[in-house]
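What follows is a single structure, written as structure tokens, with notes after it.
The values are calculated or read from the model by the stated rules, or taken from the named source; none is laboratory data. Quick caveat: nothing in here was measured; it's all calculated off a predicted structure. A quick note on method: Cβ atoms are made from the backbone with ideal geometry, for glycine too, and the neighbour counts reach across all protein chains shown. We work out accessible area using only protein heavy atoms, side chains counted, and drop any ligands, DNA or RNA first. Shrake-Rupley method; radii C 1.70, N 1.55, O 1.52, S 1.80 Å.
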Amino acid sequence: MGAFSFTAIGHIESPYAEKFAVPRQPGLVKSARARLVLAPPYRGDALRGIEAFSHLWLSFVFHEHLGRDWQPLVRPPRLGGNAKTGVFASRSTFRPNPMGLSVVELLAVDAASGVLTLGGVDLVDGTPILDIKPYLPYADALPEARGGYAPEPPAALNVAWLPEAQAALNALGKGELEGFISEVLAQDPRPAYKKQQVDERQYGVTLAGLNVRFRVHPQGVEVEEITRFTKPSA
């Protein structure tokens, strides 16, 4: 059938610096904010009327998986990370063509600069965007649809902050990020096989320019440490 060539129309600027802790699906972390920065040819008139829609579909590239082999069978996190299903019965990032589809909330539009402010994103920083389409509730929301092995959203864990972690967040002037960090950690970003398990390991993730250290206890997630993220020198 031949090959096809696509050009990115823009890229995402998001608080997720790495794949670890990115929500498994859009909308699970509602406070996640991002910017879609469009290239000059796709600004201005190309965005006329888009502000009338509350949500958008984004077609994007799993750019961190380019060049990696795909497999016909994958292990979805919702099946515990061990049971296999066909790649086309999953939303795995390891696909024959590394393309994804995400629905996001449209919060603001600056057509002149080509910047869309988005909510509920599940995209890592730098993700190339191929296309934008408006979300149409009458056509895209299907209450009677079946969800297969993922009929409901995953259960969220309780999140508690150690006083020193909360104090560090406030000292860095980032207190407004407490809710966002808590929403991310409530999704239990650990590997799928660790779900429903309690271990003693301290995990770390970079979110919105912060190093976040946490552990999972029987009562839920505990945020232990917050520091400013510093990029390693080249």
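Compute, for the stretch 109-234, the length of the dipole vector about the Cα centre, with Cβ point charges of +1 (Lys, Arg) and -1 (Asp, Glu) only. Units Debye, rounded to 20.
It works out to roughly 340 debye.
What FRET efficiency, computed as 1/(1 + (r/R0)^6) with R0 = 45 Å and r the Cβ-Cβ distance, is obtained for A112 and R68, rounded to the nearest 0.05?
Computed FRET efficiency for A112 and R68 comes out at 0.75.
Can you work out ³J(HN,Hα) from phi for every residue in the stretch 67-84, in order, using Karplus 6.51 cos²θ - 1.76 cosθ + 1.60 and θ = phi - 60°, giving whole Hz and x for Gly and Pro?
Calculated HN-Hα couplings, in order: x, 8, 6, 9, 10, x, 10, 10, 10, x, x, 5, 9, x, x, 10, 5, 9 Hz.
Enter the per residue convex hull volume of the stretch 164-234, computed from alpha-carbon coordinates, in Å³ rounded to the nearest integer.
Per residue, the Cα convex hull of the stretch 164-234 comes to 106 Å³.
Test of understanding: in a Gaussian network model of the chain with alpha carbons linked when under 10 Å, which of V121, V87, V29 would top the mean-square fluctuation ranking?
Among V121, V87, V29, the largest GNM mean-square fluctuation belongs to V87.
Note down the Stokes-Einstein diffusion coefficient of the stretch 37-127 in µm²/s, whole number, using a Kirkwood radius over alpha carbon pairs, 20 °C, and 1.002 mPa s.
141
With +1 on each Lys and Arg Cβ and -1 on each Asp and Glu Cβ, and nothing else charged, work out how big the dipole of the stretch 29-154 is about its Cα centre, in Debye to the nearest 20.
Using Cβ point charges on Lys, Arg, Asp and Glu, the stretch 29-154 gives about 360 debye.
With the full set of protein chains in place, find how many percent of the accessible area of the chain is carbon and sulfur; take the probe as 1.4 Å.
Result for the chain: 54 percent of the exposed heavy-atom area is carbon or sulfur.
Taking θ as phi - 60°, what are the ³J(HN,Hα) couplings along the stretch 42-49 by the Karplus curve (6.51, -1.76, 1.60), each to the nearest whole Hz, with x for Gly and Pro?
Computed from phi, the couplings for the stretch 42-49 are 10, 9, x, 4, 5, 9, 4, x Hz.
Listed highest first by mean packing, meaning other Cβ atoms within 10 Å per residue, what order do 46-52, 163-169, 18-24 come in?
18-24, 163-169, 46-52
Specify which residue in the list P41, Y138, A89 is farthest towards the positive end of the charge dipole of the stretch 10-140, using unit charges on the beta carbon of Lys, Arg (+1) and Asp, Glu (-1), about the Cα centre.
The residue sitting most towards the positive pole is A89.
Would you mind pulling out the separation of the Cα centroids of the stretch 168-234 and the stretch 29-85, in Å?
Taking the Cα centre of the stretch 29-85 as reference, the centre of the stretch 168-234 is 23 Å away.
About its Cα centre, how strong a charge dipole does the stretch 159-228 have in debye, to the nearest 20, once Lys and Arg get +1 and Asp and Glu get -1 at the Cβ?
240
What 222 nm value per residue comes from the helices of the chain, counting each DSSP H run with n ≥ 4 as -39,500 (n - 2.57) and dividing by all residues, nearest 500 deg cm²/dmol?
Only helices count here, giving -2500 deg cm²/dmol.
How far apart, in nm, are two points set 7 Å out from the Cα along the Cα-to-Cβ line at Q219 and at E51?
Using points 7 Å along Cα→Cβ, the separation is 4.7 nm.
Can you give me the accessible area per residue for the stretch 86-133, using a 1.4 Å probe, in Å²?
It amounts to 43 Å² per residue over the stretch 86-133.
Compare the Cα positions of T117, L107, G148 along the charge dipole of the chain (+1 at Cβ of Lys, Arg; -1 at Cβ of Asp, Glu; about the Cα centre) and return the one farthest towards the positive end.
Positive-end residue among those listed: G148.
Taking the alpha-carbon set of the chain, what are its Rg and Dmax in Å?
Rg and Dmax of the chain, Cα atoms, are 18.8, 59 Å.
Specify the residue with the greatest mean-square fluctuation among E222, E144, E176, computed from a Gaussian network of the chain linking alpha-carbon atoms under 10 Å apart.
E144
With θ taken as phi - 60° and the coefficients 6.51, -1.76 and 1.60, list the Karplus ³J(HN,Hα) couplings across the stretch 146-152 in order, rounded to whole Hz; mark glycine and proline as x.
Running phi through 6.51 cos²θ - 1.76 cosθ + 1.60 with θ = phi - 60° gives 9, x, x, 7, 10, x, 10 Hz.
With only alpha-carbon atoms in the gyration tensor, what are the semi-axes of the equivalent ellipsoid for the stretch 111-231, in Å, largest first?
30, 23, 13
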